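The values are calculated or read from the model by the stated rules, or taken from the named source; none is laboratory data. Just so it is clear, the model here is predicted, and its values are computed rather than measured. Here the Cβ is made from the backbone with ideal geometry for all residues, glycine too, and neighbour counts use every protein chain on show. Only protein heavy atoms, including side chains, enter the accessible area calculation; ligands, DNA and RNA are left aside. Shrake-Rupley method; radii C 1.70, N 1.55, O 1.52, S 1.80 Å.
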Amino acid sequence: MAGTIAAGYSPGRLRLAVLGALVLLAGLAWWSTALRMAGMDAGPGTDPGALGFFVTTWVVMMAAMMLPSAAPMVTTYAGLQRTGRTQGTAFFVGGYLLVWGAAGLVGYAALKLGSRLDGGFFAWQRAGRWTAAGVLAAAAIYEFTPLKYACLRRCRAPLGFLASEWREGPTGALRMGFLHGAWCLGCCWALMAALFALGAMSVPWMIVIALLIALEKLVPWKTAATVGVATVLAVLALGVAAAPARVPGLTVPSGMPAMSMHMVGSP
């Protein structure tokens, strides 16, 4: 694994510095996201727009939403590096965000293809409402699956992950960040699907999903966290199915396809 920390080198201070940098980066990402999404449709199934706009917005979104809950893993990695090799932390974070960037491209392709082939089937007044509720219900069920448990267990155990996967140098850091991102994707993909069902361009719903992710990754009560997250998702699914207009913060589409929304003011 990593070499020993040299005498006089403070891993505690390094971890604190890295944590501060992550908090600052996440804060800037939230600020940038709010600016980029100003005036956009915040309803379910929002059109992702042009590829370039989507990719840059998505990566910033992932930095805002995921870095806080990934902080224990990143700071633990930073504290285990050899003296003078702290630059590996940037490669680790880069590998992590690379996975989420790739996942965003898959989601983008699915939304664009669906909007071309659905023939209006996913309009909110037709199947869109029930699809959104079904996605939320599926996300709640996924919380109790073996795959979810396996991925979450690795996300919650930084030392165990790093001990088994450690590689030296920038390439090793990139690889570890990528692998951690893959486990994180396996843990959180259903929650991201729930975000699209509620409104991917809605900052309030982004905050809700980010809080759910942090809850199940960071709190010490694993079972309670899982049950709590699943309960919130199930309640939202019932609300969207039975009375979407009464779900706080939900932008109910009016005469627009649920999977083909556009930016306000766009042609």
ask   = How many of the residues in region 19-48 are at pLDDT 70 or above and open to solvent by less than 20 Å² (accessible area, probe 1.4 Å)?
value = 8
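Just give me the residues in region 142-201 being in a loop (DSSP other than H, G, I, E, B), touching a residue at least 24 places away in the same chain (Cβ under 8 Å) and open to solvent by 60 Å² or more (accessible area, probe 1.4 Å), in sequence order.
144, 168
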ask   = Somewhere in region 88-99, is a residue open to solvent by 60 Å² or more (accessible area, probe 1.4 Å), more than 15 Å from the chain's Cα centre (by Cα) and closer than 19 Å to residue 19 by Cα?
value = yes
ask   = Between a first residue in region 236-251 that is more than 18 Å from residue 125 (Cβ to Cβ) and a second residue that is in a loop (DSSP other than H, G, I, E, B), which pairs have beta carbons less than 8 Å apart while being 6 or more apart in sequence or on different chains?
value = 236/247; 249/202
query = Looking at this structure, is residue 223 under 15 Å from residue 95 (Cα atoms), polar (S, T, N, Q) and either touching a Phe, Trp or Tyr at 6+ places or on another chain (Cβ under 6 Å) or surrounded by fewer than 17 Cβ atoms within 10 Å (Cβ to Cβ) (or both)?
reply = no
